[in-house]
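Just so it is clear, none of the values below were taken in a lab; they were calculated from the coordinates. Keep in mind the model is a prediction, meaning the values are calculated, not measured. Note that we place each Cβ from the backbone using ideal geometry, even for glycine, and neighbour counts take in every protein chain shown.
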């Protein structure tokens, strides 16, 4: 069964600190992996999208990594800001945009 | 550009009532989607459309119907609402298989 599992479920860190969120997937075939940010009460917003051949991709203070061999991805946030408080969702595509497998997300809280 | 808009933002229904959720996008995207998001779960695809006049079932289509009469609009209908349909509904659009852009969501409660 195609699955995307994220850890931790929730995380609290102090403003200015770095953090890393994890994503493990069992999806086959594999086309691409995406990270979305979802603010409370809003729709998800795309951060990065990586194909099989890409190991890392950055978007400002967000850096996503992909290890297709171990089927793991991580999202690293550098120098966190209060506006980073949100849920971060890992999404894997097996090949078509209407077959996306969504993780349940990691809820990140940044404290001043 | 407004992007993807959804109406209404909130709605409370009684069991058995019907309603229609409207999604509109101004990005000229071919593909549109309806998802539901429930606590502790990933988004689940209800229905999707790959072009005007076409629709298809997603992962959880039962109890919902959709229509795509115009390229920019995608309607989601609940004919006879049930408490299990209490959820947050998101519409999204994309240029084919590329990044999906989401609306702000509709929070629906069925009593």
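Could you say which residue among B:15, B:109, B:55 is assigned to a strand (DSSP E or B) and more than 14 Å from chain A (Cβ to nearest Cβ)?
Values: B:15 fails: assigned to a strand (DSSP E or B); B:55 fails: more than 14 Å from chain A (Cβ to nearest Cβ).
None of the other options fit; the residue is B:109.
Quick check on residue B:3: is it within 12 Å of chain A (Cβ to nearest Cβ), at positive phi and touching a strand residue (DSSP E or B) at 6+ places or on another chain (Cβ under 9 Å)? Before you say what the answer is, go through the steps one by one.
Numbers: within 12 Å of chain A (Cβ to nearest Cβ): yes; at positive phi: yes; touching a strand residue (DSSP E or B) at 6+ places or on another chain (Cβ under 9 Å): yes.
Yes.
Just for the stretch A:43-61: of the residues that are surrounded by fewer than 15 Cβ atoms within 10 Å (Cβ to Cβ) and not in a strand (DSSP E or B), which one is nearest to the other protein chains (Cβ to nearest Cβ)?
A:52
From (1) exposed (fewer than 13 other Cβ atoms within 10 Å of the Cβ); (2) away from chain A (no Cβ under 12 Å), pick out the condition that doesn't hold for residue B:9.
That leaves (2) as the condition not met.
Name the residue that is nearest to the chain's Cα centre (by Cα), counting only residues in the stretch B:72-106 that are away from chain A (no Cβ under 14 Å) and closer than 15 Å to residue B:5 by Cβ.
Within the stretch B:72-106, the match that is nearest to the chain's Cα centre (by Cα) is B:76.
Select from the stretch B:31-52 the residues that are within 19 Å of residue A:100 (Cβ to Cβ) and part of a loop (DSSP other than H, G, I, E, B) and write down the one among them that is farthest from the other protein chains (Cβ to nearest Cβ).
B:38
Would a scan of the stretch B:75-87 turn up a residue that is surrounded by 16 or more Cβ atoms within 10 Å (Cβ to Cβ), out of contact with any helix residue (DSSP H, G or I) (no Cβ under 9 Å at 6 or more places or on another chain), closer than 28 Å to residue A:31 by Cα and without any contact (Cβ under 8 Å) to a residue 40 or more places away in the chain?
Within the stretch B:75-87, not a single residue is surrounded by 16 or more Cβ atoms within 10 Å (Cβ to Cβ), out of contact with any helix residue (DSSP H, G or I) (no Cβ under 9 Å at 6 or more places or on another chain), closer than 28 Å to residue A:31 by Cα and without any contact (Cβ under 8 Å) to a residue 40 or more places away in the chain.
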